[in-house]
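Notes to accompany the following structure.
FYI, it's all coordinate maths here, none of it is from the lab. All values reported here derive from a predicted model rather than from experimental measurement. Cβ placement follows ideal geometry from the backbone for every residue including glycine, while neighbour counts extend to all protein chains displayed.
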Amino acid sequence: MVVKKLGFWRKKYFGTRTSLILTSVVIGLLTAICAVILKNAVSFIQESVHQISISEGYHLLLFIFPTVGILLTVFYTQVFRNGELGRGVTNIIYTISRKSSFVEKDKLYSQMLSSILTVGFGGSAGLEAPIAATGSAIGSNTARWLRFNLKERTLLLACGAAAGISAIFNAPIAGVIFAFEILLVNMPVPVIVPLIIASASSALLSHLIYSGQPFVLITSSWSSNHVGYYILLGFIAAFVSVYAIRIYFFIGDLFYGKQNVYLKAIIGGLALGGLIFLFPALYGEGYGSVLDLLHKDSGGLLADSIFIPDAGAWTLVVIAVALMLLKVVATSLTVGAGGNGGMFGSSLFTGAMCGFAFAHTVNLLGIAHLDEVNFTVIGMAAMMSGIIHSPLTAIFLIAEITGGYALFVPLMVVSSISYLVSKYFEPFSVYTKKLALKGDLISTDKDKLVLARMALRNYLETDFVSVNQNDTLAELIHAIEISKRNIFPVVNEENVLVGEILLDNVRHVMFSKELYDKTYLKDLMITPAAIIDIHDSMEKVLQLFDQTNLWNLPVTDKGKYIGFVSKSKIFTHYRHHLIKDGVVPA
């Protein structure tokens, strides 16, 4: 009742456009508060862990803490979420594509809590995906409470995700572009206004109550003589991106299907702990190491390491390459073992290591003198573009968070190369590959999007009178008398559909009473032109209707007859969905 009143008041006193603007501000502010809580909570746990393991000399605990975090996350997921956490950006895309942009209420807090436990204790993953998921939950549920339609609800969901990226990086433009490039593939440009307002509101509040920013860089210029090196970096980043995507899913497949979730958490956690014990820079998001490179303190890559104290020139190259290759392994172990985090931040870390290792190698060889800070920044954008397949987001995000607007040209060149080459070898990004393999990938085709939200079971017609194949013509005549349909499904004793009888096909024998007890229906039935399975997509159903040129087709569940579906009913409800979603006028 309260929800209905809220929706009524919104429409009566504000109208759609004004209420969208005001709601986007609220979503932006709420998401900013969540982002600040998330960052501060993770920072507090990480500082405590560092104090115990590094400052007090208990380095071996670095081997244990990640397992503790993942186990706590798995325990929370199993006890309070029935084993389903619905992680990150992939789940947001799925929600838009298959769940009419309805995000579960528990995601208002579950993504934050689980990522705090995972990353705080050392899980090697980013916080961007969890805060984007939290923001999307805020947007979706606010839209539901205020009775917005599907199109508006999807927009407000994206406002929340954009606000999350904006707040976590203090990068409002990148937040808007992220929403457009990754989530709102069908939305027209005018919807950018609520996105901008949500993103800006979030960035403003985040900046006011949390002054921290991941990276700082003031770049005044770049050398056009080094264009060739930037292009080469683009190709290198592309191949590393392909490696990252494949490793991520390879390790994910190793963990998939394992029944004992706690054993899986222990195995994955200990493997992750071993990597962090050897390379402490892999702990958490790893942004501290990236910041060291931007401050020209490359020796920081070896900070807290008890195995590699030598900070020699070539040692740094080897370490940077190792970190580049192992970060995706560490992130994959974190997520595969049951932790919560994303590849967003990990791609930035990997790219920074790639750019630094490339530039430092060229400088050591004396081939040229490259600005290692510039290449570190460009590498971040290139890797993000290649792994996430979002070149525009990568360009503007890196420009915003580093202050490197002077690098726009090399950012554009390298990000484009990395994206195109990576996409050639891996058509789907780390976010969309799983959905694409399952056929759940969001589509730019509005018809397909509407059909994807229509469940076949909702349009099943069960008033057709079925007959048995061993029945006689007399029994069919009785069925005709009590039926309002001209199609009669024929089944066997197990209710398996074996054929159908059309009224037009038996008119010639209907009045031959001498045949009533001599003619069996198995001799009169025909094979259906097509049979629909209850689990078929609506897109496939319409394809079958087009192929057969029929208006009614039988539906089965594991071969057993359950009803018919009609083309006219589907079209009627299809138009109803279009009107409800605001795609066509009523």
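If R₀ is 41 angstrom, what is the calculated FRET efficiency for the pair GLU481 and GLU539, using the beta carbon separation as r and rounding to 0.05?
Between GLU481 and GLU539 the formula returns 0.60.
Per 0.36 nm of contour for each residue apart, how much would the distance between TYR256 and LYS99 grow if the chain were fully extended, relative to their Cα-Cα spacing?
54.2 nm
Amide H to amide H under 5 Å from SER101: which residues, 5+ apart in sequence or cross-chain, H placed 1.01 Å off N in plane?
Sorted by chain and number, the residues that satisfy this are ILE96.
Between ARG507 and ILE209, what length comes free when the chain is fully extended (0.36 nm per residue of separation minus the Cα-Cα distance, one decimal in nm)?
The ARG507-ILE209 span can extend by a further 99.2 nm.
Take peptides 506-517, 40-51 and line them up by average Cβ neighbours within 10 Å, highest first, as a rough protection proxy.
Descending mean neighbour count gives 40-51, 506-517.
Helix 343-365 against the longest principal axis of the chain: what's the angle in degrees, Cα atoms only, rounded to the nearest 10?
40
Could you check the spin-label model distance between PHE571 and THR527? Points 7 Å from the Cα along Cα→Cβ, value in nm.
Each label point lies 7 Å from its Cα, and together they span 2.9 nm.
So what is the calculated 222 nm ellipticity per residue for the chain, using -39500 (n - 2.57) for each DSSP H run with n of 4 or more, over all residues, to the nearest 500 deg cm²/dmol?
Computed ellipticity for the chain at 222 nm equals -20000 deg cm²/dmol.
Applying 1/(1 + (r/R0)^6) with R0 = 45 Å to the Cβ-Cβ distance of LEU60 and ALA406, what FRET efficiency is obtained, to the nearest 0.05?
Using R0 = 45 Å, I get an efficiency of 0.50.
Highest mean first, how do 355-367, 375-387, 466-478, 280-292 rank when packing is the count of other Cβ atoms within 10 Å averaged over residues?
375-387, 280-292, 355-367, 466-478
Out of (1) 75, 63, 42; (2) 103, 54, 49; (3) 69, 55, 52, which label holds the value of Cα extents along the principal axes in Å that was computed here?
(2)
Using mean Cβ contacts within 10 Å as the protection proxy, how do 550-560, 100-110, 413-423 order, highest first?
Going by the mean number of other Cβ atoms within 10 Å, highest first, we get 413-423, 100-110, 550-560.
Quick one: angle between helix 313-336 and the longest Cα principal axis of the chain, in degrees between 0 and 90, rounded to 10, please.
Once rounded, one gets 30 degrees.
Going by alpha carbons, how many degrees (0 to 90, nearest 10) lie between the helix axis of 473-482 and the longest principal axis of the chain?
With rounding to tens, the tilt is 70 degrees.
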